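The values are calculated or read from the model by the stated rules, or taken from the named source; none is laboratory data. If you're wondering where the values come from, they're calculated on a predicted model, not measured in any experiment. Neighbour counts run over all protein chains shown; Cβ positions are idealised from the backbone, glycine included.
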Amino acid sequence: MQQFVQYTILGLVLGGVYFIAASGLVVTYTTSGIFNFSQGAIAMLAAFTYWQLRWGWGWPAPIALLVVLGVLAPALGAVLYQVVMKNLRGTSEVTKIVVSVGVMLGFLALATWVWNPTASSPRNFQKFFGANAIVEIFGVRITWHEIISFVLALGIAAGIRFLFVRTRSGVAMRAVVDDPELLELNGGRPERLATISWAGGAFLAALAGILITPITGSSMSANALTLLVIDAFAAAMFGRLKSLPRTFVGAIVLGLTNYYVVAYFPSSWTWTSAFRQSIPMIMLFIILIILPQDRLRGTTVLRTRERFHMPTMRTAWIAALVLVVVMFSLQTIMQPSPMKTLAYGMTLAMIALSLVLLTGLAGEINLAALSFGAIGTIVVFHFGTTGSGLDARMTLWGIVLASLVCAVVGAVVALPALRLRGLYLALATMAFGVFVSKMVLSEGNPRRLFGRDFTIFPGGTLRIPRPKIGPVDFNSDKAFLTLVTVLFALLAIGLVAIRHSGYGRRLAAMKDSPAACATLGMSVVRLKLSVFMLSAAVAGLGGVLMSAQLGAVSAERFDIFLSLSLLMVTVVGGIGYASGALLAGLFLGCSLLAMTNTLTKLGADYASIQAIFAFMISAVTVLPATIGITMGKNPSGAVTDIVKGLNDIKQARPLMFTIIGFEVGIWLLTATDVLTNWNFVILTAINLLVVPPLGGAIMKKRAYAKAGVAPPTPAEFIGIDRAYTQLDLDEMESVLGFDALGVAAPVLHEGEPAHAPA
Amino acid sequence: MSTNISASHFSSHDGNGPLLELAGVRASYGPIEVLHGVDLVVPQGSVVALLGPNGAGKSTILKVCSGLLQPTAGEVRVAGRVINGATADQLARLGLCTIPEGKGVFPNLTVRENLWMATMAGVSLSDVEEIAYARFPRLGERRKQLAGTMSGGEQQMLSMARALSVNPALLLLDELSMGLAPLVVANLYEIVAQVSEEGVSILVSEQFARTVLGIAHYAAIVLHGNVTRVGTPAELEDELSAAYLGS
């Protein structure tokens, strides 16, 4: 009995903290329509900052709390909204998810940058008033920290409810979601309300972070702390991101289950600990499936800002051919180590291709692409290899089987989630991904199944050999790189072919309006299921090849944060194009590594300024997230800009031939060992990044000279390069709106020195 | 700047000058210009109807007047003051009331909460509720119901209740009749006529010309982003079909 009371109280406390985190989600979602994936990361940052102030610098607790909760957290939330989230109006669900995921990854990178995870002394995060401030209730010992946590949760529940129902500002916050324009017409200020609510949401996240860290007694690890608050997603979804009372119930159930599992599961069950960690995600999945969701509505079709053009089959073939040729010429000059990196990047690109198919074409979202890769890898490990030791090879049969199994698993995940769209589907796949990481990939020990011993992930590391298909052996780095490049090219062509087929058009139609598709007699269910299976198969194939490239893989290679990074970078590259996937894979797999390696090498060579290079390495780890955050400004992806640039170069024939000529020259010099690999990379970068704008400027100047017209002066050089005219003055007047104010426009007299009106 | 205009300026303006004036207004959505130099005058205390076919630019004119869309050229004047650059919420607090196209209600708020939002224009909730429920008893019965669950007519009543209760100097109505039964539309326009009798100046856009001509003092025909003709309803009666059918 005493055990029951003890665990009930602990469960209530944990549930209370979950509620605080979930309520922050509800507040921000209610007012801005953006589900804040970075909630967990904000909580984590707050916990670290509080630790730094309280124990790192020894500030008194009240002051540290005031600074973190009263100043820093709300400011962070407000800035986040003003700088990032505000730009997300009119973008698709995918972009919204990716941007807030980008913020989360950015905060994670920032935390590992500032607070070195391999610090010599472990960070000790204590409860309020210390761990010994204990009272006894019903014969059970509870710390003051736990009492404070629960009381705060109750207070916040009451407070937010009061705000949303009984105050005009609170009701106005709810009105913002319905129709911000109408609120403006009523005399409200939607922007201000949203900013305030983001400040509030960040405050709640920070509070949850500070409360939960000592309760769970986990180490101060950025990833673990972030996931801890992500567990609160289940509670928020139970309240359908709207109802606070339901969110409270969900949070409490979550907290209680967590402790009852510890208390009452037989100790002989070795999987209890892993199960306990996955409870929130299992509950999230179940809640998403069971709870009634919004009906299909015809009116949900919004005009989004994303624009994707359909490449022709001819373009696809040419691009694929160029890719294969480029890769082939590269591998003839490359050393083995960069070639490995390149092959890794290509396999990641293949996984990213599965996202292009799913998200770019069909508008569905999968946040756990690498989890399918993990499943494929496990299948190949057990059933798809022949030989042993150095002679071990992956069989074609194994690769096919892995893709098929992934397709089936994809169907199993998608089938219950078929009704879900957008955010809900995204969360369901995330729950699946975390579940795979925590329950499947942690199965390092043998288990007795159907009367025979079987280990899913023996020893936590799987050795995956390179494939041998028929007589062709792909064991060498060169052969393997060629294999993945050709496979990627073929899959990319297949993707464009799908887009041009009737099936692809149906997918595009479903993306725009499932309701309209249903009325046309299409089976939306069959479409969704098939595209999810196809995408899972591609992800599995990519994952298997990735594992083969790495040789030995551990569970961290399939981490949910990696899946999220990949999705984010793909969206940044251009989720509508195969080239976007290529860009994403190469960026995540090669560029980052290349930059880090270059900087490390430079740091070793110039030891005196090594600190500067160390700083730059940390900055590089934050880079992808920073790019992701700016997505709101250009939601169609970088490929759109690159293609535009390429078209411009194609128009300017001399420039195009110059660039190609230079590149061939550099390649020849490298092939004849005149240039080293490093110089090749640097010269290529210069050729691709510096020559086009330079050549463009020269050609433009020539064109002006040919036409006999003076080029237009940039605004800042008016009055310096050429005289100030009445025309300029008039333009400034109209830009500043002086005529509307009724101020008489000054007239510039000939010969007088020109000066701007005050 | 325009923020200096006080509510009293809007309402205590001497009766002779126009309350709302558009001079050479141009406006565009992105690169596409939809208003090509609109001139329009709403005299103090009068009802002016904007008539014209779908896509002529009626709603855009109202958007510019309400501050939701900034004109790219020209001037919008209220009570003689230029209001270019003022935002919609500033204008709303200064005595301009706009009922937008479609259902001007917050569907996930209750009737009472919807009325509460109207108080941001500077009136008390009890006054708003009293006026609204007296005028539309049906709203009083449903004060705790979510606005989105009411019928289209009831929702339009709710949005009109705001126009009645915030005591505006200028009322902008966009496509009041959209998607509603003729009987409901007739009722709504009766109310508009009463509001007008209290001295409120009204600019109303309407695709179905006949429904509004009965109460309008003046009408303006909008075609292809221009005001092509202004006159009394009687004067315009004959030209209407030509405008709509494009003869």
Segment A:391-441 - residue that is charged (D, E, K, R) and in contact (Cβ under 8 Å) with a residue 12 or more places away in the chain and, of those, farthest from A:S354 (Cα to Cα): A:R393
Residue in segment B:226-235 that is acidic (D, E) and either in the same structural domain as B:E130 (by TED's automatic domain parsing) or in contact (Cβ under 8 Å) with a residue 24 or more places away in the chain (or both) present: no
Leading residue by the ranking (surrounded by the fewest Cβ atoms within 10 Å (Cβ to Cβ)) among those in segment A:5-52 that are touching a Phe, Trp or Tyr at 6+ places or on another chain (Cβ under 8 Å) and not in a helix (DSSP H, G or I): A:F35
Search result, residues across segment A:486-510 that are surrounded by fewer than 18 Cβ atoms within 10 Å (Cβ to Cβ), under 26 Å from A:L582 (Cβ atoms) and either not assigned by TED's automatic domain parsing to the domain that holds A:V400 or not aliphatic (A, V, I, L, M) (or both): A:G494, A:H500, A:S501, A:Y503, A:R505
Residue match in segment B:173-195 (condition: within 14 Å of chain A (Cβ to nearest Cβ) and polar (S, T, N, Q)): no
Some residue of segment A:591-599 being in a helix (DSSP H, G or I) and within 21 Å of A:I399 (Cα to Cα): no
Listing of helices (runs of 4 or more DSSP H) fully contained in segment A:107-223 that carry 3 or more residues being within 14 Å of chain B (Cβ to nearest Cβ) and surrounded by fewer than 23 Cβ atoms within 10 Å (Cβ to Cβ): A:144-166, A:168-178, A:190-216
Residue ID - modelled with the highest pLDDT, chosen from residues in segment B:100-116 that are at the interface with another protein chain (Cβ under 8 Å from one of its Cβ atoms) and more than 16 Å from B:K144 (Cβ to Cβ): B:P100
Candidates B:A56, B:A86 - the one that is more than 9 Å from chain A (Cβ to nearest Cβ), more than 25 Å from B:S177 (Cβ to Cβ) and at pLDDT below 90: B:A86
Matching helices (runs of 4 or more DSSP H) fully within segment A:301-384 where at least 2 residues are farther than 27 Å from A:G433 by Cα: A:313-333, A:336-355
Residue identified as surrounded by 22 or more Cβ atoms within 10 Å (Cβ to Cβ) and either modelled with pLDDT of 85 or more or touching a strand residue (DSSP E or B) at 6+ places or on another chain (Cβ under 8 Å) (or both) among B:E206, B:E239: B:E206
Complete set of residues in segment B:121-136 that are surrounded by fewer than 20 Cβ atoms within 10 Å (Cβ to Cβ) and either more than 20 Å from B:V166 (Cβ to Cβ) or within 14 Å of chain A (Cβ to nearest Cβ) (or both): B:G122, B:V123, B:S124, B:L125, B:S126
Any hit, segment B:142-155, residues being within 25 Å of B:V64 (Cβ to Cβ), small (G, A, S) and buried (at least 18 other Cβ atoms within 10 Å of the Cβ): no
Tally of residues being polar (S, T, N, Q) and at pLDDT 75 or above across segment A:627-643: 1
Single condition A:F432 does not satisfy, out of (1) farther than 25 Å from A:V524 by Cβ; (2) crowded, with 18+ Cβ neighbours inside 10 Å: (1)
Close pairs (9 angstrom Cβ cut-off, 6 or more residues apart or separate chains): more than 21 Å from A:G502 (Cβ to Cβ) in segment A:347-376, among the charged types (D, E, K, R) and assigned to a loop (DSSP other than H, G, I, E, B) anywhere: A:I365/A:R421; A:L370/A:D559
Residue list for segment A:142-159, filter: of a type in the set (S, T, Y) and more than 34 Å from the chain's Cα centre (by Cα): A:T143
First in segment A:119-139 and within 16 Å of A:L211 (Cβ to Cβ), second anywhere and assigned to a loop (DSSP other than H, G, I, E, B), Cβ under 7 Å, 6 or more apart: A:F125/A:M220
Complete set of residues in segment A:391-419 that are part of a helix (DSSP H, G or I), under 14 Å from A:L545 (Cβ atoms) and not aliphatic (A, V, I, L, M): A:G398, A:S403, A:C406
Residue match in segment B:82-97 (condition: of a type in the set (V, I, T), assigned by TED's automatic domain parsing to the domain that holds B:V212 and closer than 21 Å to A:V176 by Cα): yes
Segment B:69-83, subset at pLDDT below 90 and in a loop (DSSP other than H, G, I, E, B), residue nearest to the other protein chains (Cβ to nearest Cβ): B:I83
Conditions (1) at pLDDT below 90; (2) buried (at least 19 other Cβ atoms within 10 Å of the Cβ); (3) not in a loop (DSSP other than H, G, I, E, B); number of the one not met by A:W55: (2)
Index of the failed condition, B:P43 passing every other in (1) within 12 Å of chain A (Cβ to nearest Cβ); (2) under 26 Å from B:V185 (Cα atoms): (1)
Selection from segment A:464-477 of residues that are touching a helix residue (DSSP H, G or I) at 6+ places or on another chain (Cβ under 8 Å), buried (at least 16 other Cβ atoms within 10 Å of the Cβ), touching a residue at least 40 places away in the same chain (Cβ under 8 Å) and of a type outside the set (V, I, T): A:P465, A:R466, A:P467, A:D477
